[in-house]
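The values are calculated or read from the model by the stated rules, or taken from the named source; none is laboratory data. Keep in mind it's a predicted model, so treat the numbers as computed, not measured. Heads up, the Cβs are rebuilt from the backbone with ideal geometry, glycines too, and the neighbour counts pull from every protein chain shown. Only protein heavy atoms, including side chains, enter the accessible area calculation; ligands, DNA and RNA are left aside. Shrake-Rupley method; radii C 1.70, N 1.55, O 1.52, S 1.80 Å.
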Amino acid sequence: MLALVIEGFAMLDERARAADLYPLARELINTGAVVLWPVSRLTQTVAGVAAAAAHEWKAAEDHFQTALRQAESFPNRLEQTEIHRFHAMMLIDRTAGGDREKAQTLLREALETYTSIGMPRHRELTQALLDQTLADSRAI
């Protein structure tokens, strides 16, 4: 349930509530758990989302990188795509130099996969994020 709650808060823009759960996400990783069933979500992905919500940028980057390596090694194409989308969301929030461009790249990759595997709602969410980053780029 922890994974679903963290992801739900993040998607509902309740990031402060997701951030409050980051210590529990770290505890989950420390148990040795790698994948949560039946949601098939990597614990590192969950921790990355929670760390990003807490504005713990370095920790979020580390979690997303670890999760991506794990997803590639399984391989788990859907999780790879989800990691790209969540990582892009973190980069959009962080707004450091180069973050917007990297987020756009990750979102474009996610759009391709969501389209090819037939996930229209995820594609819509991702397209909206991409459109916003492109509009922000033009406004600068």
Requested in this report: Taking all protein chains together and a probe of 1.4 Å, list SER73, SER40 from the most accessible to the least accessible.
Outcome: SER73, SER40
Query raised in the report: In the chain, carbon and sulfur make up what percent of the accessible area (probe 1.4 Å)?
Result: 55 percent
Report summary line: Counting sequence-distant residues (5 or more places) and residues on other chains, those with an amide H built under 5 Å from that of VAL35 are THR43
Query raised in the report: Once both labels are modelled 7 Å past Cα along the beta-carbon direction, what's the ALA96-MET119 spacing in nm?
Result: 2.6 nm
Query - Most to least packed among 85-98, 59-72, 126-139, 3-16 [average Cβ atoms within 10 Å] - result: 59-72, 85-98, 3-16, 126-139
Query raised in the report: For the chain, what does -39500 (n - 2.57) per DSSP helix run (n ≥ 4), summed and divided by total residues, give at 222 nm, in deg cm²/dmol to the nearest 500?
Result: -25000 deg cm²/dmol
Query raised in the report: Given a Förster radius of 22 Å and the C-beta distance between ILE29 and HIS55 as r, what FRET efficiency does 1/(1 + (r/R0)^6) yield to the nearest 0.05?
Result: 0.70
Report task. Could you point to the residue in ALA51, LEU24, SER40 farthest towards the positive end of the stretch 1-53's charge dipole, with +1 and -1 charges on the Cβ of Lys/Arg and Asp/Glu respectively? Result -> SER40
Requested in this report: Calculate, for the chain, the solvent-accessible area per residue in square angstrom, rolling a 1.4 angstrom probe over the heavy atoms of the protein chains.
Outcome: 53 Å²
Query raised in the report: Over what distance in Å are the Cα centres of the stretch 102-120 and the stretch 1-49 separated?
Result: 22 Å
